[in-house]
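Worksheet: the structure to be examined is printed underneath.
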Amino acid sequence: MDVPDRLLDVPLDPLLDWARAGLAAAGFRDAGAAPVVRRREWSTVVRLDTDRGPVWVKANARDWRYEAALQVRLARWAPDVVLAPVLVDEARGWLVTPHGGDLLRSVPAGADWWAALLQGYAGLQRRAAGHVAELRALGLPDMTPATLPRWYAAVLERADAEPDARRLLPAEDRRELERLAPVVRELAGELAGDGLPVTVEHIDLHPGNVLSGPGGLRVFDWADAALAHPFLCLGGALDVAAGDGSDGDGSDGDGSDGDGSDGAAAAAADRLRQAYLRCWTPDPTAPVPDRLRRSAAVAECLFPVVTAASWLRLPLPLRPDFAVQWAGHLQRFRVTARLVAAGR
């Protein structure tokens, strides 16, 4: 199956004809509203209104087409975390997903919600860890710890080629990033040797990719997913969750540690970190072992490298707004890497 590598200029009719025919065969009736379309180089998403509510039709470009097959399997292994597609064409990377609720970013989401999300996500990861060969066969990128030094080298090469990245990363910062290559090898080696299983990692777990509905929280948009160390999810999710500043009661934390909002956010992040890490212990009521805390710190440090690597599939040059985000990931890694390598 010849799947386009870019989708902005690809006609919509074949995708919509496939979706409408499949929906009709499944008993859905078109509600008559005009489709709502969002097009990007790597994906096309169309909202179709039906008598059973809206559905979401998605086409993926070639390097992301595994999402359709991946969502089928994740929904089978963890239906409490991932919605099963209504329709799927795995070869073309097309899928139709039912409406699963509102985006989490549009509803009040306190720490209790985030803890439930991270614990459910850990359960999915543990179940998926038993299917690594199948996931690999689907075409998920290999971002396991052993591969991270190679990914880091590719990221640095791309940074030299990106016009905006050269502007956003001063020469001294780029040189420091190059000097951090041995640190990446050291930290990746720690993760490779910590005994935790390789599994699926979403890479982009944030409130815009989580639905809140009557059935609970559901994670969607798995197009950036990879095979990786499980704890990488903490690198992005904790920043967003702690930034919500909520202890589950709408407050901004008690601030009693004297560090103001930064201290409250750090405390909130650590509570959520522990809620997630306990899912990887034999006794979830016991204190989290230091070895898991260390693996979490290392994975959180390396998360910006993995995120930057996941963007390498995008064409050169990056859009200016993407380049800002991409360079920001590298700056974040530059600031934290030596501290984490020193055990702080």
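Bear in mind these aren't lab numbers, they're just calculated from the coordinates by the rules spelled out. Remember, it's a predicted structure, so these values are computed and weren't measured experimentally. Cβ sites come from the backbone with ideal geometry, for glycine too, and all protein chains shown count toward neighbours.
Could you please rank Val10, Val298, placing first whichever residue has the fewest other Cβ atoms within 10 Å of its Cβ? Mind dumping the intermediate values first?
On the way: Val10 15, Val298 24.
Taking fewest neighbouring Cβ atoms as first place, the list is Val10, Val298.
Using only Cα atoms and rounding to the nearest 10 degrees, what angle (0 to 90) does helix 320-341 make with the longest principal axis of the chain?
The angle comes out near 40 degrees.
Which order do Trp94, Trp113 fall in if you start with the one that has the fewest other Cβ atoms within 10 Å?
Numbers: Trp94 24, Trp113 21.
Going from least to most buried by this count: Trp113, Trp94.
Please build a GNM for the chain, connecting alpha carbons under 10 Å apart, and tell me which residue among Ala161, Ala296, Ala111 fluctuates the most.
Ala161
Length gain on complete extension for the stretch Glu186 to Arg167, per 0.36 nm per residue less the alpha carbon to alpha carbon distance?
Numbers: separation 19, 0.36 × 19 = 6.84 nm, distance 2.89 nm.
Difference between extended and current length: 4.0 nm.
Where the centre of each part is set by its Cα atoms, how far does the range 274-344 sit from the range 124-185, in angstrom?
Answer, in whole Å: 11.
Tell me, Kirkwood radius of the range 1-83 from alpha-carbon pair distances, in Å? Let's see the in-between values first.
Details: mean 1/r = 0.0718 Å⁻¹.
The answer is 13.9 Å.
Compare Leu135, Leu238, Leu23 in a GNM of the chain, Cα atoms joined below 10 Å, and give the one with the largest fluctuation.
The residue that fluctuates most here is Leu23.
Assuming R0 = 35 Å, can you tell me the calculated FRET efficiency for the pair Val107 and Leu8, based on Cβ-Cβ distance, to the nearest 0.05?
Values: r = 32 Å, r/R0 = 0.91.
Efficiency computed from Cβ-Cβ geometry: 0.65.
How are the Cα pair distances of the chain distributed, in percent, across 10 Å bins from 0?
Calculated over all Cα pairs of the chain, the distribution is 5, 23, 32, 26, 11, 2, 0 percent.
After finding the eigenvalues of the alpha carbon gyration tensor for the range 131-186, what semi-axes result from the square roots of 5 times each, listed largest first in whole Å? Don't skip to the end; give the middle numbers.
Numbers: eigenvalues 164, 42, 7 Å².
Semi-axes (√(5λ), whole Å): 29, 15, 6.
So if I place +1 on the C-beta of Lys and Arg and -1 on the C-beta of Asp and Glu, and nothing else carries charge, what would the dipole magnitude of the chain be about its Cα centre? I want it in debye, nearest 20.
Values: 39 positive and 47 negative charges, 152 e Å.
With Lys and Arg at +1 and Asp and Glu at -1, about 720 debye.
How many nm is it between the label spots at Ala154 and Val36, if each spot is 7 Å from the Cα in line with the beta carbon?
With each label placed 7 Å out from Cα toward Cβ, I get 3.5 nm.
Quick check on the range 62-117: what does the Kirkwood estimate of hydrodynamic radius come out to from the alpha carbon pairs, in Å?
Values: mean 1/r = 0.0784 Å⁻¹.
One decimal place: 12.8 Å for the Kirkwood radius.
With N set to the number of residues, divide the alpha-carbon radius of gyration of the range 1-148 by 2.2 N^0.38 Å and report two decimals.
Values: Rg = 16.7 Å, N = 148, 2.2 N^0.38 = 14.7 Å.
That ratio works out to 1.14.
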